[in-house]
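Structure first, commentary second.
The values are calculated or read from the model by the stated rules, or taken from the named source; none is laboratory data. Bear in mind the structure is a predicted one, so any value in this text is a computation, not a measurement. Backbone-built Cβ (ideal geometry, glycine too); neighbour counts: all protein chains shown. With ligands, DNA and RNA removed, areas are computed over all heavy atoms of the protein, side chains included. Shrake-Rupley method; radii C 1.70, N 1.55, O 1.52, S 1.80 Å.
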Amino acid sequence: MSQEQDCLFCGILAGTIPSEVIYENDDVIAFRDVAPQAPTHVLVVPRRHVENAGTLTEEDADLVGALILGAQRVAELEGIENPDRGYRLVMNVGADAMNSVPHLHLHVLGGRALTWPPG
Ligand code: DGP
C-alpha cells in the first residue's frame, strides 16, 4: 500500500493520526468526518494513495468498485441503507469543488433529508 509523506489520510491509515474508524477491509478504510454535515458523514478512503477521482486510470477500476462497496457497507452499519430513504455519495475533485484533502475519498452522507444543490 503506497503512503505519501505529509498526507493527512495516509497518516490516518497508518494510525499516526487518530480517527473513528467504522469499517475497514484490505482495500479501504471508513472513518467519521471530523466536520459532519449530516447525522452520518463517513469518508471511505482507499489504502493506496491516489490524489482524486480526476487522476484515476483504467487500472484503478477495482479500486473504484471497492469504494462503492465500502460505502454500501457503511450505509448498512449506520442503518441508512433503506432504499426508500437513501443517502448521498460525493467525491470532490479539485479547487472548484472545495476538495481540501488530496487523497481520494468518497463521502457517505445520510440520516436526514439532504438538500440539492448542496451549495
Ligand atoms: P474534501 O473537501 O472532499 O476534500 O473533504 C475532506 C473532508 O475531510 C472534510 O469533509 C473534512 C475531513 N477532514 C479533514 N481533516 C480531517 C481529520 O483530521 N480527520 C477526519 N476524520 N476528517 C477530516
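Points worth noting:
- Accessible surface, per residue, of segment 1-106 when the full set of protein chains is kept, probe 1.4 Å, Å²: 59
- Only helices enter the 222 nm calculation for the chain: every DSSP H run of n ≥ 4 contributes -39,500 (n - 2.57), and dividing by all residues gives -6500 deg cm²/dmol, rounded to 500.
- Reported to the nearest whole Å, the Cα centre-to-centre distance from segment 73-94 to segment 37-69 is 14.
- Close amide H contacts of Ile29 (hydrogens built in the peptide plane, cut-off under 5 Å, sequence separation of 5 or more or a different chain): Val45, Arg47.
- Residues in segment 44-55 carry Karplus couplings, in order, of 9, 10, x, 5, 7, 6, 10, 5, 6, 4, x, 9 Hz; the curve used is 6.51 cos²θ - 1.76 cosθ + 1.60 with θ = phi - 60°, and Gly or Pro positions show x.
- Acute angle (nearest 10 degrees) that the helix 61-78 long axis makes with the longest principal axis of the chain, alpha-carbon atoms: 40
- Note on Val101 and Glu81: the model spin-label points, each 7 Å out from Cα along the C-beta direction, lie 2.4 nm apart.
- When the chain is reduced to its Cα atoms, the Kirkwood hydrodynamic radius in Å: 14.6
- Residues with amide H under 5 Å from that of Glu51, placed H, sequence gap 5 or more: Leu104
- Around the Cα centre of the chain, unit charges on the Cβ atoms of Lys, Arg, Asp and Glu (plus for the first two, minus for the last two) sum to a dipole of about 460 debye.
- Here segment 71-119 yields Rg over Rh of 1.01, to two decimals, using C-alpha coordinates and the Kirkwood radius.
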